[in-house]
Amino acid sequence: MSRDDLRARGLVRRYGGLTAVEHVDMDVPSGQVTGLIGPNGAGKSTLFSLLTGVEQPDEGRVHLGRRDITKMRPDARSRRGLVQTFQVPSLFPSLTVADNLLVAAENRRRDYAGGLLGMGSRGRGNALGVVEEVLGSLGLEDIRGTVAGTLPTGALRLVEFARALCARPDVLLLDEPASGLDAAETEKLSVLVRRIADDGVAILLVDHDVDLVFRVVDRVYAMVGGRVVAEGAPETVRDDPTVRSVYLAQGPLTSQATTSLGPGVAAAGSPAAGSQAMSSAGR
Ligand SMILES: Nc1ncnc2c1ncn2[C@@H]1O[C@H](COP(=O)(O)OP(=O)(O)O)[C@@H](O)[C@H]1O
Ligand SMILES: [Mg+2]
């Protein structure tokens, strides 16, 4: 079964005299990881909110598959398969991990008929089964009975990710999923993101960790000042003169961010970070 793509056309969002998002077109196709990068204030979070429905655009449309969802509320989008993770995990702190996932699985759409992480039709009408599958796929069985509020950051983020998967997304929007994760956890996350896309899910990955974004994505959009200044394959965007000059002029989002743009840019960062960037450039 083919899943729904997410498509934005001509999105504009103004805050008073400031245009945070200025005529942005974006495609988040099924089976691919699409990245979104940009320095602080570029408009990434605002665009993300327009896609999730948290904010309404002043102009432009958002489509999920053939359906125009521009006016649809976030919870309705979520039931139709557009699921997001939050920078601050949206878990019930007093519930166990398993119960948090059960809530998400029970809120899923009734018309789901896909095969995420091998769940397939077995998952239909069986929220418990879905929770078990996701716990197993993400290696979270050991903490299934742990109260969410007591988990350390890395585990919390994985559970937040699991929560989103239990909603069986067609489109998964990830906002800074790697923030607070160590290198091993980030690597685990990137493998999971890839695997879920390979299952046919459309993924949008917004992260300050440009190194992670370039390593995982199929295509990437670079925003500056509310506009998309470059889009395409990671190598193309990394070498784009505008992207390079902006990252040099405005300083890195993180030390990794600048160095990840390539050896030429790495000269602006520390030598140690530069050598790391060269070994991790590209996919
Ligand atoms: N609710 C808001 N009210 C006024 N200005 C806002 C609001 N949200 C964001 N902005 C402004 O819009 C611009 C883009 O912000 P944001 O989307 O958060 O960028 P990013 O996520 O790329 O850092 C910034 O100049 C920011 O100050
Ligand atoms: Mg932001």
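If we count other beta carbons within 10 Å of each Cβ, what is the order of Ser45, Ser90, fewest first?
The order, fewest Cβ neighbours first, is Ser90, Ser45.
Among 172-181, 140-149, what's the highest-first ranking by average C-beta atoms within 10 angstrom per residue?
172-181, 140-149
Step through the residues of region 137-149 one at a time and calculate ³J(HN,Hα) from phi using the Karplus curve (6.51 cos²θ - 1.76 cosθ + 1.60, θ = phi - 60°), rounding each to whole Hz and writing x for Gly and Pro.
So the Karplus estimates, Gly and Pro as x, are 4, 9, x, 9, 4, 5, 10, 4, x, 7, 5, 4, x Hz.
All of the numbers you see were taken from the coordinates with simple rules; none came from a lab. Being a predicted model, the structure only gives us computed values, none of them experimental. No Cβ is skipped: glycine too gets one built from the backbone with ideal geometry, and neighbour counts run over all protein chains shown.
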